[in-house]
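Every number in this text was worked out from the coordinates using simple rules, so none of it is lab data. What you are looking at is a predicted structure, and each value in this text was computed from that prediction instead of being measured. Note that each Cβ is placed from the backbone with ideal geometry, even for glycine, and that neighbours are counted across all protein chains shown.
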Amino acid sequence: MGYNEEERAFIEWYPMGYGVGFKVKRRLLELQTKYQRLELYETEGFGKMLVLDGTIQLVEVGEESYHEVLVHPALLAHPNPRNVLIIGGGDGGTLREVLRHKTVERATMVEIDEIVVEVAQLYLDVARGAFDDPRAKVITGDGVKYLEGTEERFDAIIVDSTDPVGPAKLLFSEDFYRNAYAKLSDPGVYVTQAGSVYLFTNELLDAYRAMKKVFDRVYYFSFPVIGYASPWSFLVGIKGEIDFRKVDLERARELELYYYDPERHETLFQMPRYVRKLLEGQ
Ligand code: AG3
């Protein structure tokens, strides 16, 4: 489990004995924060790797395969995203991608664990200045409580959490979705990562069903993410008149993306047939 010093490898074990592993040169950090166990490694081929409670959050080389896909489809489907809320995302990768949109005037990130933000600032080449952007506001706090208490309305709410099992489970509950829906502007878009398609299928189904009770329309999509047991799933909830099957290609062109291909947006909706059948309730 985890780091094997002799093998110089780190393996994350998913359910059913499915593993994702990286060869590592050394462990740089191992500490217990108030909320979780944090490890940082120097990998052989993928830069530094951040691990929380034994689960791989990102490798520097290829993290865009997650952050681009979490952020841009949702923001490019919205006609004019100006005020954006990020829940989680302590490494700053999601904030960085949000701030690439010229329409964005304000991006608030609410991360529960300030140690993750500090470690990211000290060690990781991920935020790339995002934390210092005048449009960014970083708050240390519980995203669930923040959303309950805020008077603000957001054009987009992006949840960049750990897995839908364990401490982040609340972020996948119907109550939380109701709260998010209430705090969205009209039109508004909600997007969350939703776990491994193959290994957390039940969690994906549960989250999808709960979102369907709350949002006007719900979409699912998937993408191969470097470092995770892929394909990885994402869920989108809409308030008002947004068609998530279409994105603004003109705004997309200015972003010069590496992984997500807005000109082939429809390929995001590919799902293994049995998962699609399950999602569609057949
Ligand atoms: N947040 C999603 C992490 C999920 C990974 N799960 C796993 N490895 N079992 C990523 C944080 C990057 N901003």
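Points to keep in mind about this one:
- Put simply, the convex hull of the Cα atoms in the chain casts, on average, a shadow of 13.9 nm².
- Note on segment 2-59: the C-alpha convex hull projects to 3.9 nm² when averaged across all orientations.
- Size of electric dipole in segment 2-59: Cβ of Lys, Arg +1 and of Asp, Glu -1, about Cα centre, debye, nearest 20: 180
- Rel. contact order, % - alpha carbon contacts under 8 angstrom, at least six apart, the chain: 17
- Only helices enter the 222 nm calculation for the chain: every DSSP H run of n ≥ 4 contributes -39,500 (n - 2.57), and dividing by all residues gives -8000 deg cm²/dmol, rounded to 500.
- Cut-off 9 Å between beta-carbons: net charge of the residues surrounding residue 30, Lys and Arg +1, Asp and Glu -1: +1
- Environment charge of residue 196, counting only residues whose C-beta is closer than 10 Å and scoring Lys/Arg +1, Asp/Glu -1: -2
- For segment 152-167, the Karplus equation 6.51 cos²θ - 1.76 cosθ + 1.60, evaluated at θ = phi - 60°, returns couplings of 6, 10, 10, 6, 9, 10, 10, 9, 10, 10, 6, 4, x, 10, x, x Hz by residue, with Gly and Pro reported as x.
- Placing unit charges on the Cβ atoms of the charged side chains and taking the dipole of segment 2-59 about its Cα centre, the candidate lying farthest along the positive direction among 9, 33, 20 is 33.
- Mean separation of Cα contacts under 8 Å, 6 or more apart, over the residue count of segment 130-187: relative contact order %: 39
- Remark: for residue pairs 137/183; 145/183; 137/169, the C-alpha separation exceeds 22 Å in 137/169.
- Charge dipole (debye, nearest 20) of the chain; +1 at Cβ of Lys and Arg, -1 at Cβ of Asp and Glu: 660
- Ranked by the mean number of other Cβ atoms within 10 Å of their residues, highest first, the peptides 111-119, 148-156 fall in the order 111-119, 148-156.
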